[in-house]
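*Asks:* One structure coming up, written as structure tokens, with questions to follow.
The values are calculated or read from the model by the stated rules, or taken from the named source; none is laboratory data. Predicted model, so just to flag it, every value in this text is computed and none were measured. Positions of Cβ are generated from backbone atoms using ideal geometry, with glycine treated the same way; all protein chains shown enter the neighbour counts. For accessibility, only protein heavy atoms count, side chains too; no ligands or nucleic acids. Shrake-Rupley method; radii C 1.70, N 1.55, O 1.52, S 1.80 Å.
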Amino acid sequence: MFKNLRGYFSNDLSIDLGTANTLIYVRGRGIVLNEPSVVAIREEPGRAGKKIEAVGQEAKNMLGRTPGHITAIRPMKDGVIADFTVTEKMLQYFIEKVHGNRLMRPSPRVLICVPYGSTQVERRAIQESAEGAGARWVRLIEEPMAAAVGAGLPVHEARGSMVLDIGGGTSEVAVISLNGIVYASSVRIGGDRFDDAIINYVRRNYGILIGEATAERVKIEIGSAYPGQQVNEISVKGRNLSEGVPRSFTLNSNEILEALQEPLAGIVGAVKVALEQTPPELGADVAERGIVLTGGGALLRDIDKLLMEETGLPVVVSEDPLTCVARGGGRMLELIDEHGPALFNLE
């Protein structure tokens with residue numbers, strides 16, 4: 001009863017709980033929060049406990065730069081929860097931040113997007129952490145479905161729509177028709193794997209160790225998925241492994257292209273398998289309408305060209321791909337209110 005009363009003072013939320021970023025969409029207000037899924041924890045030896053030092057962007061700035069008693073961790077791994085209590089605290093912080101300083105603790109209705117391939121145990125962990133963070137009503141929705149709705153695809157029609165969502169931890173490819181998923185698969189390749197590939201490439205070819213934050217900056221500034229006309233360069237600093245001292249060196253976009261070959265091949269492979277498994281009628285629709293790219297990975301330069309080259313199908317990057325899943329979840333909340341939860345097969 002009290003939870004319902006608090007619910008009147010709370011907003012409906014759609015949360016894209018991602019490996020790299022957490023986005024929250026509030027009904028009627030749009031995307032109100034977009035922060036990295038990072039939490040910094042301070043160990044307190046006297047009280048034998050842990051205290052949350054920082055969450056979100058502030059904690060991300062601490063990654064790889066913390067003293068001994070503070071650890072900056074990413075509680076989500078490959079799109080699922082790696083550290084249950086920290087994820088609950090992070091969600092609680094984000095939900096309260098969205099609601100501002102109110103007298104009552106917020107108790108919103110929450111729709112959370114989860115990777116298609118996640119197991120029952122992983123889904124249960126996400127649901128319980130949201131309930132522990134104060135949500136009064138939690139439903140889970142598959143990410144590719146939310147991404148398709150957010151990208152404005154006609155998911156309710158009897159026509160095939162294909163969506164590829166490249167996130168931080170997973171990439172999901174799905175064919176959707178009549179508000180349901182006909183075929184979907186999830187591969188654990190995403191933005192994080194791109195960063196790791198760059199770190200390994202630099203280590204192998206230059207004998208220099210760079211951090212995750214540096215690798216991410218290199219990927220964003222000069223990374224590309226397809227050979228282009230112009231070659232971009234970037235100056236990077238890292239630790240020389242043989243001498244043990246920091247060194248500065250230059251990387252160019254062709255080298256990054258070479259470094260990213262393996263993870264990109266994994267994503268292309270998943271798309272090809274999806275096309276093989278799609279029923280012929282829906283395959284014809286996909287051939288006509290093409291593949292829509294969403295997720296932060298879709299911002300990698302020329303990834304649409306690579307997929308066009310490999311599949312021979314038209315490929316479009318949706319507008320604002322980073323927020324597609326959260327916006328789609330918000331739209332689904334509105335549709336559920338209009339037509340009932342059975343519309344998307346939610347209990």
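*Asks:* Counting DSSP beta bridges in the chain, what percent are antiparallel, to the nearest 5?
*Replies:* Around 70 percent of the beta bridges assigned by DSSP in the chain are antiparallel ones.
*Asks:* When the chain is treated as a GNM, springs tying every alpha-carbon pair under 10 Å, which of 117, 329, 190 comes out with the largest mean-square fluctuation?
*Replies:* Judging by the Gaussian network model, the answer is 117.
*Asks:* Can you give the accessible area of residue 121, probe radius 1.4 Å, in Å² rounded to 10?
*Replies:* Result for residue 121: roughly 110 Å² accessible.
*Asks:* Give the span of the chain's Cα atoms along each principal axis, as three whole-Å numbers ordered largest to smallest.
*Replies:* 66, 65, 32
*Asks:* Per residue, how much accessible area does the range 236-347 have with a 1.4 Å probe, in Å²?
*Replies:* Here the per-residue accessible area is 49 Å².
*Asks:* Taking θ as phi - 60°, what are the ³J(HN,Hα) couplings along the range 317-322 by the Karplus curve (6.51, -1.76, 1.60), each to the nearest whole Hz, with x for Gly and Pro?
*Replies:* So the J values, rounded to whole Hz, are 8, 5, 6, 6, x, 5.
*Asks:* From the convex hull of the Cα coordinates of the range 219-265, what is the mean projected area in square nanometres?
*Replies:* 3.8
*Asks:* For the range 191-256, which GluC sites (Glu not before Pro) are in a loop by DSSP, counting at most 13 other Cβ atoms within 10 Å?
*Replies:* Here the sparse-neighbourhood loop sites are 243.
*Asks:* Using a 1.4 Å probe on the protein heavy atoms only, what accessible surface does residue 262 show? Give it in Å² to the nearest 10.
*Replies:* Here the residue's solvent-accessible area equals roughly 140 Å².
*Asks:* Over the chain, what is the relative contact order in whole percent, taking alpha-carbon pairs under 8 Å and six or more residues apart?
*Replies:* After rounding, I find 18 percent.
*Asks:* Further question on the same structure: Taking all protein chains together and a probe of 1.4 Å, list 306, 241, 299, 17 from the most accessible to the least accessible.
*Replies:* In descending accessible area the options line up as 299, 241, 306, 17.
*Asks:* Would you pull out the residues with amide H under 5 Å of residue 72's amide H, same chain only if 5 or more places away, H placed 1.01 Å from N?
*Replies:* 41, 64
*Asks:* Quick one: which of 77/305; 97/219; 60/97; 60/272; 60/305 span more than 27 angstrom between C-alpha atoms?
*Replies:* Exceeds cut-off: 77/305; 97/219; 60/272; 60/305.
*Asks:* Using modelled amide H (1.01 Å from N, peptide plane; none on Pro or chain starts), what sits under 5 Å from the amide H of residue 182, excluding residues fewer than 5 places away?
*Replies:* Amide H to amide H, under 5 Å and 5 or more residues apart or across chains, residue 182 pairs with 175, 176, 177.
*Asks:* Here is a further query. Sticking to Cα atoms, compute the Rg of the range 69-155 to one decimal and its Dmax as the biggest Cα-Cα distance, whole number, in Å.
*Replies:* Cα radius of gyration and Dmax of the range 69-155 are 14.3, 51 Å respectively.
*Asks:* Pop out the carbon and sulfur fraction of the accessible area of the chain as a percent, whole number, probe 1.4 Å.
*Replies:* After summing per-atom areas, the C and S share lands at 49 percent.
*Asks:* Run the helix sum for the chain: -39,500 (n - 2.57) per DSSP H stretch of 4+ residues, divided by residue count, reported at 222 nm to the nearest 500 deg cm²/dmol.
*Replies:* That calculation yields -11500 deg cm²/dmol at 222 nm.
*Asks:* So for the range 108-191, considering every pair of alpha-carbon atoms, how many percent are separated by more than 14 Å?
*Replies:* In whole percent, the share of Cα-Cα pairs in the range 108-191 beyond 14 Å is 63.
*Asks:* Here's something else I'd like to know. So what does residue 66 come to for accessible area, using a 1.4 Å probe and Å² rounded to 10?
*Replies:* Rounded to the nearest 10, that gives 50 Å².
*Asks:* On the first, second and third principal axes, largest extent first, how far apart are the outermost C-alpha atoms of the range 223-347 in Å?
*Replies:* Cα extents, longest axis first: 64, 33, 25 Å.
*Asks:* Per residue, how much accessible surface does the range 33-153 expose to a 1.4 Å probe? Answer in Å², no decimals.
*Replies:* With the other protein chains kept in place, the range 33-153 gives 47 Å² per residue.
*Asks:* Right, here's the next one. Order 63, 178, 251, 282, most accessible first, counting only protein heavy atoms with a 1.4 angstrom probe.
*Replies:* Heavy-atom accessible area, descending, gives 178, 63, 282, 251.
*Asks:* OK, next. With only alpha-carbon atoms in the gyration tensor, what are the semi-axes of the equivalent ellipsoid for the range 107-258, in Å, largest first?
*Replies:* Ellipsoid semi-axes (Å, largest first): 38, 21, 12.
*Asks:* Let me ask you something else. Quick check: residue separation of residue 233 and residue 105 times 0.36 nm, minus the Cα distance between them. What number comes out in nm?
*Replies:* 41.1 nm
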